[in-house]
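Rule-based calculations on the coordinates, nothing more; no lab input. Since the model is a prediction, treat every value here as computed from it, not as a measurement. Cβ atoms come from the backbone with ideal geometry, glycine included; neighbour counts cover every protein chain shown.
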Amino acid sequence: MNFKLHVWRQRDAQDKGRMVKYAVREIGAEVSFLEMLDLLNEELTEAGEEPIAFDHDCREGICGACSLVIDGVAHGPGRGVTTCQLMMRNFRDGADIFVEPWRGRAFPIVKDLVVDRSAFDRIIEAGGYVSCNTGSAPDANVTPIAKQDADLAMDAAQCIGCGACAAACKNSSAMLFVAAKVGHLHLLPQGRVENQTRVGNMVKAMDAQGFGACTNQQECEAVCPKEISVNFIAQLNRNYVRALLDV
Amino acid sequence: MNLDAHIPAGALETKWQRYKSTLPLVSPANKRRFKIIVVGSGLAGSSAAATLAELGYAVECFCFQDSPRRAHSIAAQGGINAARNYQGDGDSVFRLFYDTVKGGDFRAREANVYRLAEISGAIIDQCVAQGVPFAREYGGMLANRSFGGAQVSRTFYARGQTGQQLLLGAYGALARQIALGKVTMHARHEMLDLIVVAGRARGIVVRDLVSGTLRSCCADAVVLATGGYANVFFLSTNAMGCNVTATYRAHKRGAGFANPCFTQIHPTCIPVSGEHQAKLTLMSESLRNDGRVWVPTKKGDRRAPHEIPEAERDYYLERRYPAFGNLSPRDIASRAALQVCNDGYGVGRSGMGVYLDFAEAMQRLGQDVIEQRYGNLFSMYEEITGEDPYRTPMRIFPAAHYTMGGLWVDYNLMSNLDGLFVIGEANFSDHGANRLGASALMQGLADGYFVLPYTIGQYLAAAPVLDKSAAEKTAAQTQQECQQSIAALLNIKGKRSVDYFHRRLGKIMWDNCGMARSAASLQQALQAIPQLQEEFQRDLRVPGGGASLNQSLEKAGRVADFLDFAQLMCRDALAREESCGGHFRTEYQTAEGEAQRNDAEFTHVSVWQHRAAGEPQLHREPLQFSHVALAQRSYK
């Protein structure tokens, strides 16, 4: 297969950046999207040009490092997959493919397709955990947890923190990311103890990091590689209102 | 080289408890005056950094990823072992200890392994308290499943994403300490060297991967939690960034490297599809709970799997190892797969694959149960191969996955360099020559949550106060050396990319020091690698400069270390003239093709000392077994 790539190149945070065209040829259908970029980078390197910088690590959809907007969609055309799980068989031979970094004020560009997502770390630091020191835990089976609750908590806990939700949102809202963490911990007795302070603090941190508000467009769920449901956003809103009334 | 393991006296069962209660303490007021560096933020690094900060130490934590949450522990799928006997199936601390020692083919320290088994339960408690959503039964109790090398169900899991959930728990604990100002986190920073002052680890040199700036960070103790080196094979299940640089550079500064030839080849991975491939994908071992492994009984049988009748299938694991069957340990299952493929029975286009078949389990349990247990793994398989494993058996083949070898540490997890602690996969301590499934997560968290936080106090309580000016002087010197080696890589200005060399190194290692090794193949590798290294130094091209984000430069530094390290691995494999666990020397096998240990000569840890000129020197730490009888490992 052959493709015409249009890739965002930007030297550093200060550079203005531009789209650059590259032709890639004779790519097998079983090649992954990032492997295609690897092949292109190898060609660029041997031609003495700087390869395209992009974040990636595990290449199996779990670390959350890869982060490309492909043809205008965060993580590209697949459903429930990350960029690194995308195979070239999903594209038409001869297609023009547009590759851009995550969008959003809270995700400033570092270089080419690499963005700074530390805003997400700061949101978690504001309360995305259970405050329990090592060694103070009781026996694990002391508190039974209904299987349904544990399963639902796991649905939310699967979030890989890639940022696609915020990158896809026209308001750059990080609501699905925050809702997933709050929802996961709220569903478990261990996490419920500090639910109120957690909700307030995490939402405050989200605003402070420059993420926008949610207007229920549900783009986030559509691009989430773990298909985390927007129902968790509804739950977050309920939790938030309760936190406001009580605190 | 001093290889005293400092194993406390007393009965095996009470050693750790007694030792803990006699360790010297650091008073709370003094703890904050001690600065501890933790390199790496996986299960071991995050849990250690968080716990040390909770205790009151001043912690600086470094990782090369853009967030500590992305360390490669996140990709562990199947589960974590703990001797809780919640299933009432006869499990106990002793049994977990015994399975681990036996699984490791009697090449691990009894005292360390016993401690690990003893701590395992507390890890589950801790993780549940953090809100890790482990799988549960309808009554609300924790669920368990079985893993290779065990006849009890002691593996706790969170779907096929156990590593992710445990790491997010530890990352949460770390995030809390960052918010409290007790941990300073440095993401996108890579350790380039260890600062050693008068035989003591006193800090590290790091490169800020965004700005390219080098800087030194001095401390009272350094903890390496930098993972394993399976990427020496280029193709492995490790993340692309996993590397040996931190441990290898510490080794060059004097830390002994133990058993580098002990590498684990995981039996259930998706087979290689072509030259372009950058990494291999693991299919969790948990699949072997319900999947049956088979190949056709006829050589070169190219029929589709459903066209091959039952009578013409060879369920070779069930046939050869009836007691453990499809749940045989990883080294045995991998070797058996290689053997049937080499004999011409392999399936798939390349003939390098075997079937993992769920048809029988789906009939027995129904598709919905299989979907619940393995849904995410099945969809991952389908995305990559384009085949639906609910309808046709998976094709799998072994791939490099984990490394049991690592920096040598004593019972306190301290290397032979004072003040340098090594935890998790980066050390060599607990898995001997083969790690059992679901034991990596257990060891990483045991080290980080429950061992290091005690033992490091003992060192700090007695260590001389950090001489800042001496440390800074050495730091400046070390930093300068790092700067020079970066400049050297940039100045080669050859024609070939880093990946070109890495791929070739990987092939040399896989062919000659992989699942089966021989003196001849190892000697061949030891000739080929220096030639490749010479070519690397002549023909490498690293575009761009050193003063900005430069992913080619990062890789170049790592591959330069892999080229050096690969030779150490081969040397170690050559020196160990026996087969044990993941180390299979074709010259040493039983008539049935099983690994043949040589206990009389090799019941020891091989520890290598770096020498500036000449070959590395081999030292030995003898292993003593008083609670487990050394026996031929049998899973029949």
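Odds and ends about this structure:
- For segment A:3-111, the residue among A:M36, A:G72, A:G48 whose Cα projects farthest onto the positive side of the dipole built from Cβ charges is A:G72.
- Going by neighbour counts of Cβ atoms within 10 Å, the residues A:E227, B:E285, B:E307, B:E425 line up, fewest first, as B:E307, A:E227, B:E285, B:E425.
- Each of B:A400, B:Q339, B:S350 was scored by the projection of its Cα onto the charge dipole of segment B:267-400, and the greatest displacement toward the positive side belongs to B:Q339; charges sit on the C-beta of Lys, Arg, Asp and Glu.
- Think of the protein assembly as shown as a dipole: +1 on every Lys or Arg Cβ, -1 on every Asp or Glu Cβ, centred on the Cα centre; then among B:A462, B:A631, B:G103, B:A462 lies furthest on the positive end.
- All aspartates and glutamates inside 12 Å of B:K298 as judged from Cα atoms, apart from same-chain residues fewer than 8 positions distant: B:E312, B:D314, B:D343
- Along each principal axis, Cα extent of segment B:518-582, largest first, Å: 48, 24, 12
- One quarter of the surface of the convex hull around the alpha-carbon atoms of segment B:518-632 equals 10.7 nm², the direction-averaged projected area.
- Cα centre as origin, Lys/Arg/Asp/Glu Cβ charges: segment B:475-604 dipole, Debye: 760
- Other protein chain Cβ atoms within 10 Å, averaged over every residue that makes up A:141-147: 6
- The relative contact order of segment B:576-615, computed from alpha carbon pairs under 8 Å that lie at least 6 residues apart in sequence, is 33 percent.
- Computed from backbone phi with θ = phi - 60° and the Karplus coefficients 6.51, -1.76 and 1.60, the 3J(HN,Hα) list for segment B:87-98 is 8, x, 9, x, 7, 7, 4, 4, 5, 5, 4, 5 Hz; x is used for glycine and proline.
- Calculated diffusion of segment B:574-613, Stokes-Einstein form, Kirkwood radius summed over Cα pairs, 20 °C and 1.002 mPa s, µm²/s: 188
- Rg and Dmax [Cα atoms of segment B:267-400; Å; Rg one decimal, Dmax integer]: 13.8, 40
- Relative to one another, the C-alpha centroids of segment B:315-383 and segment A:67-120 are positioned 34 Å apart.
- Against chain A, whose longest principal axis comes from its Cα atoms, helix A:231-246 is set at around 40 degrees.
- Rg over Rh for the protein assembly as shown works out to 0.94, both radii taken from alpha-carbon positions and Rh defined as the Kirkwood radius.
- DSSP bridge pairs, chain B: antiparallel proportion in percent, nearest 5: 70
- Neighbour counts of C-beta atoms inside 10 Å place B:C482, B:C127 in the sequence B:C482, B:C127, starting with the fewest.
- Using alpha carbons only: equivalent-ellipsoid semi-axes of segment A:194-247, gyration tensor based, whole Å: 22, 13, 10
- Neighbour counts of C-beta atoms inside 10 Å place B:V205, B:V223, B:V197 in the sequence B:V197, B:V205, B:V223, starting with the fewest.
- Residue mean of other protein chain beta carbons inside 10 Å, B:163-175: 5
- Rg ratio (alpha-carbon, reference 2.2 N^0.38 Å) - segment B:1-61: 1.40
- Reciprocal mean inverse distance between Cα atoms of chain B - Kirkwood radius, Å: 24.8
- Distance violations [Cα-Cα > 21 Å] among B:K31/B:K182; B:K31/B:K468; A:K16/A:K111; B:K468/B:K555: B:K468/B:K555
- Dipole check for segment B:267-400: with +1 at the C-beta of Lys and Arg, -1 at the C-beta of Asp and Glu, and the Cα centre as origin, the magnitude is about 400 Debye.
- On Cα atoms only, tilt of B:498-513 relative to the major axis of chain B in degrees: 60
- Crossing angle, helix B:43-55 versus chain B [Cα axis fit, 0-90 degrees, rounded to tens]: 40
- Shape of segment B:372-507, Cα gyration tensor, a/c cut at 1.5: oblate
- Residue of A:S173, A:S32, A:S67 that the Gaussian network model of chain A assigns the largest fluctuation, springs spanning Cα pairs under 10 Å: A:S32
- Given +1 at the Cβ of Lys and Arg, -1 at the Cβ of Asp and Glu and no other charges, the dipole of chain B around its Cα centre is 1020 debye to the nearest 20.
- For the protein assembly as shown, adding -39500 (n - 2.57) for each run of n ≥ 4 DSSP H residues and dividing by the number of residues yields -11500 deg cm²/dmol at 222 nm.
- Relative intensity, log₁₀ I(q)/I(0), of chain A from a Debye sum that treats every alpha carbon as a point, q = 0.15, 0.17, 0.18 Å⁻¹: -1.02, -1.21, -1.31
- Within chain A, percent of DSSP bridges classed antiparallel, to nearest 5: 75
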